[in-house]
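Below is one structure, written out as structure tokens; comments come after it.
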Amino acid sequence: MLRSMYSGISGMKNFQTKLDVIGNNIANVNTYGFKKGRVTFKDAISQSISGASGPVQGGRGGTNPTQVGLGSTLATIDTVDTQSSMQTTGRTLDLAIDGDGYFTVKDGAGNIFYTRAGNFYLDEDGSLVTGDGFYVQQLKGNTLENIKIDSNVYASFSINSAGKIIAINKDNTQPNLEVDIALTKFNNASGLTKVGGNMFQKSENSGDPQNGIAGTDGFGSVNAGYLEMSNVDLSEEFTEMIVAQRGFQANTRIITTSDEILQELINLKR
């Protein structure tokens, strides 16, 4: 009975974690480029009452092991890295990736981050930045570089499906500016570490970053005037919430039932 009580406690803790992840998913249902989380469980260790035995020639047959499980534990909290639908904005600097890859950005200290949220802006210096002021990177040879579109030099610019920014000189002289927005992909994108602010960073299990441009070597295309929406499905999240709530309630019943049995044992001595 004490074993069943602690099994119930482990189940309650796990379903609480599941509710935490569901709550975060729902809170980010309208966050551009957000990738939802998913919780999986596994059984904990089992206490062996007796081991297995093989059959004996001329005697009895084999027997299976006798074990009592001691509850459940958290297996994984996955990042579900699936493509989401796109929202039309009509804004030139709103970019959405259709397919694999992440936009690559740097902070002022040179730290590299990756994001699927493509709501970008031009700062006072003409640098292409995120809402938090991180510099969007271009692929120029083998070194990543900041993107700068100086309004004093260029009259207009556009972005095509290959993620190329084409800026036209004010005096119509050549060459015009052509910049390839850098995309980065990973062997295991689900292994990236979430660091907040719609940003990811490389982890030990994500694989090394592979830099490229849209439309080449398996990189996705870039759609200007669109933003990728969150891949959270509210109907799925609410269903999972019901499952988690009922699972939590069922585990509380294990504890209360075990307590009632212990109370009956105590009442044997009156």
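Assorted remarks:
- Tabulated pairs, region 211-239, first assigned to a strand (DSSP E or B), second surrounded by fewer than 16 Cβ atoms within 10 Å (Cβ to Cβ) and acidic (D, E), C-beta under 6 angstrom, 6+ apart or interchain: S221/D98; N223/D98
- Residue that is surrounded by 19 or more Cβ atoms within 10 Å (Cβ to Cβ), assigned by TED's automatic domain parsing to the domain that holds D208 and at positive phi, where the choices are G163, G133, G118: G163
- Selection from region 49-82 of residues that are within 30 Å of A117 (Cα to Cα) and in contact with a strand residue (DSSP E or B) (Cβ under 7 Å, 6 or more places away or on another chain): L74, A75, T76, I77, D78, T79, V80
- Selected residue [over 29 Å from T239 (Cα atoms) and in contact with a Ser or Thr (Cβ under 6 Å, 6 or more places away or on another chain)] from S10, S50, S72: S50
- Residues in region 3-48 that are more than 28 Å from T104 (Cα to Cα), touching a strand residue (DSSP E or B) at 6+ places or on another chain (Cβ under 7 Å) and in a loop (DSSP other than H, G, I, E, B): A44 alone.
- Extreme residue, farthest from V129 (Cα to Cα), among residues of region 195-231 that are surrounded by 15 or more Cβ atoms within 10 Å (Cβ to Cβ) and of a type in the set (D, E, K, R): K202
- Figure legend. Inter-residue proximity from region 14-32: first residues under 20 Å from F200 (Cα atoms) and touching a residue at least 60 places away in the same chain (Cβ under 8 Å), second residues surrounded by 15 or more Cβ atoms within 10 Å (Cβ to Cβ) and charged (D, E, K, R), beta-carbon distance below 6 Å, spacing 6+ or different chains. Indicated pairs: I22/E237; I22/E240; N25/K36; N25/E237; I26/E237.
The values are calculated or read from the model by the stated rules, or taken from the named source; none is laboratory data. Bear in mind that the values here come from a model prediction, so they are computed numbers and not experimental data. Ideal geometry is used to build each Cβ from the backbone, glycine not excepted, and the neighbour counts take in all protein chains shown.
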